[in-house]
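*Asks:* Mind having a look at this structure? Questions to follow.
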Amino acid sequence: MQRSLLACAVLAAFALPTLADNGVVVYGKMTLGVEAASATGATLANQNIERRMRVTDGASTLGIRGSEEISDDLSAYFQIETQIKPDDSCGFAGCSTTGKMSSLGQVDDRYSSITSPHTGASRFANRPSFVGLRGGWGQIQFGRMDMYYEKHVPNELHLLRTGLNTTALAVLGSNQLTNAVAANDTVVAQKTFNAALTPIITNALGVSTPVNAAITKALADGIGAAYAEGKTPAQILAGAAGGVTALVSNPNIAAVLMQNGLTPQQAGAAIGGALQVAASQVFTPGTALNQQVLNQARAYTVQNGFYFVGHRYNNVIQYRTPSMGGLTVLGAYHTREEKGQDGVAYVLDPSLSNASATRKIDPWGAELTLHYMQKGVFASLSLMHDNDPYAMGGALDSAQGIKAAYGMYFTPNTRAGVVFERQINKYNAALGFDDNVRDAWVISGSHKFSPKIEVIGTYAVALDAEMHGVKNRESGAKYAQLTGIYTLSPRTNLFLTYAKVANEAEAAYNFYVSGAVQPNGDIQSAQFSPRGANPTSIQLGMNHNF
């Protein structure tokens, strides 16, 4: 055993200079801080996340890169980069990305995680990793790469030196704006239970009357609100029983029921019995009615949500031109391997029967970016098109983003920048929905007071979204951040930062990395945020590059 260990040590000692001789280097950064995080002010009070202390990772990475000169004007190069998350070793999005359990079974988070570039368990080479060729004609590379979302970053160079919750990426795409955050949100639950109860109430009464819809809506609203508040099935049924008694006792409803041959007592007993039977199915994971409710919840979530383009894609080919007086042009294309699968496994209507919405999907994406940097001036224009975004299950025909950024140094120690972004969702034509459109603005600036002390500030606004042609007045958010950096050496700094996202009632923006955790404490990810809450962070940390 000792001889084996000695042999391994000798081999490792000889391997290190070999790597260096071949132009291969190991690099990375460690960014960690102690943080107080919260997200209060949620639309549903029971979803508030009270302040808690934690040690937070700011996208710590470990990488290997190298190159080989093939001729005077041709080199091969590669990069393998991995998110290491030293605070809990659980992968970029925390120890769990499955959502919390509910009375309907496990919450389906298929659409709550689609906009995060780093969702999932830790894996090797989960950050930009590629191989390529370069020369005087430019460079071409293949692999896993970032597309679109970070193209404004030169206006926020500080995010390379501090925790990433201090970046306007909190509102520049890559997060989820939505009216329907999850399957247990009040809006979704009420609409979902209304769809599920409509045939149940009619069957229970045995006749269609003018008050069937009113009875169904009243019960669905009450059941949906109780479910969203986390009530148990027994509590929900108890409340529903009281609701049935009140409804059939209403003189107007009772009169209509009797005109249709039903006494209030008969109607109440029939509805109560039907609810008991339905509840045993709805709250039992795997039953047909349970799956219908979850499918409908997903449908409403997609209908009332927003998909943002731009993140870290697999299967990318990218070409970048050489600099032409400070201007470079980048083109990138990605393709998915799920081509030909059926899109819209569920459909966005109460009967779940819109067969015309189902089609074979062809998911791919393309980016074109113009980038200029010279003499203290930075400018960029980036365009992104996602065709049939696979994570949307065929609900969208396409999604587009356009982002323009400009920044400059007014003095060697003072700089400022501005960013504008528009994102557009184009729905599956068979669903009959108009486009979703959302705009956002960012201003950012910094000043170095001394070689060691720098202060950075950012203010951003996500404007109210236009959802299916109608302006949603409660879907906007504001982001503010102030960060101080103290430089210890060219590779090491300390930082103190305050950041806050102020969501309106229907918005769910969160910090781009290490968002406020869910109440159950097992999720620490940007894409999970209570609707209407205000994620807030105060963090003291350290960044070391190697």
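Here, each number is a calculation from the coordinates, and none is a lab measurement. A quick note: this is a predicted structure, and the numbers were derived from the prediction, not measured. Quick reminder, even Gly has a Cβ in these numbers, built from the backbone with ideal geometry, and neighbours come from all protein chains shown.
*Asks:* Taking amide H positions as placed in the peptide plane 1.01 Å from N, state which residues far from Tyr149 in sequence (5 or more) or on other chains have amide H under 5 Å from it.
*Replies:* His311
*Asks:* For the stretch 356-505, build the charge dipole from Cβ charges (+1 Lys, Arg; -1 Asp, Glu) around the Cα centre, then report which of Trp364, Gly394, Ser382 sits farthest towards its positive end.
*Replies:* So the residue we want is Ser382.
*Asks:* Follow-up. Loop only by DSSP, 14 or fewer other Cβ within 10 Å of the Cβ. Give me the trypsin sites (Lys or Arg not before Pro) in the stretch 421-517 that pass, ordered by residue number.
*Replies:* Lys452, Arg473, Arg491
*Asks:* Continuing with this model, one more query. Using the Karplus equation 6.51 cos²θ - 1.76 cosθ + 1.60 (θ = phi - 60°), what ³J(HN,Hα) coupling, rounded to whole Hz, does each residue of the stretch 197-210 give in order, writing x for Gly and Pro?
*Replies:* Along the stretch 197-210, the couplings run 7, 3, x, 5, 5, 4, 5, 5, 6, x, 7, 8, 10, x Hz.
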